[in-house]
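S.K.: Please see the structure below; I have some questions.
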Amino acid sequence: MTVSTDAILGVIAEESGLDPAALRPDATFEQLDIGSLDVASTLFAIEDKFGVAIDPDQLNPASTIADFVNLVRQLAPS
């Protein structure tokens, strides 16, 4: 399954309550004020939607949106 960047951004936006346009690739979760509960919720939603298992230790507040998108795309089944 090919996972698009837009699909991943849509999940992040839905879980964080942010406008997808605010999710700049170079922005960190911390800069976007996406707290740990929203990050956890996003991880669960991504896992459910795309069938990937993400270790929360792979992310930190300094992770960028681009880092997260790349991680999901790498882990997604092909």
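S.K.: Thr42 versus (1) surrounded by fewer than 16 Cβ atoms within 10 Å (Cβ to Cβ); (2) touching an Asp or Glu at 6+ places or on another chain (Cβ under 6 Å): which is the lone unmet condition?
M.R.: With respect to (1) surrounded by fewer than 16 Cβ atoms within 10 Å (Cβ to Cβ); (2) touching an Asp or Glu at 6+ places or on another chain (Cβ under 6 Å), Thr42 is out only on (1).
S.K.: Does Leu71 fit the bill of being of a type in the set (A, V, I, L, M, F, W, C) and under 20 Å from Leu23 (Cα atoms)? Before the answer, list the steps.
M.R.: Values: of a type in the set (A, V, I, L, M, F, W, C): yes; under 20 Å from Leu23 (Cα atoms): yes.
Considered against the rule, which asks whether it is of a type in the set (A, V, I, L, M, F, W, C) and under 20 Å from Leu23 (Cα atoms), Leu71 comes out as yes.
S.K.: Turning to a different aspect of this structure: Among the listed residues Val52, Val72, Val3, which satisfies the condition of being at negative phi, touching a Lys or Arg at 6+ places or on another chain (Cβ under 6 Å) and surrounded by 15 or more Cβ atoms within 10 Å (Cβ to Cβ)?
M.R.: Testing whether each residue is at negative phi, touching a Lys or Arg at 6+ places or on another chain (Cβ under 6 Å) and surrounded by 15 or more Cβ atoms within 10 Å (Cβ to Cβ) leaves just Val3.
S.K.: Taking only segment 1-37 into account, find how many residues are part of a helix (DSSP H, G or I) and within 16 Å of Val72 (Cβ to Cβ). Talk me through it step by step, then tell me what you get.
M.R.: First pass over segment 1-37, keeping only residues part of a helix (DSSP H, G or I): 5-16, 20-22, 36-37.
If we keep only those that are within 16 Å of Val72 (Cβ to Cβ) as well, we get 5-16, 20.
Residues meeting the conditions: 13.
S.K.: In segment 53-63, is there at least one residue being β-branched (Val, Ile, Thr) and either assigned to a helix (DSSP H, G or I) or modelled with pLDDT of 95 or more (or both)?
M.R.: There is no residue in segment 53-63 that is β-branched (Val, Ile, Thr) and either assigned to a helix (DSSP H, G or I) or modelled with pLDDT of 95 or more (or both).
The values are calculated or read from the model by the stated rules, or taken from the named source; none is laboratory data. Note that the structure is a prediction, hence the values are computed from the model and not measured. Neighbour counts are summed over all protein chains in view; Cβ atoms, including those assigned to glycine, are modelled from backbone coordinates with ideal geometry.
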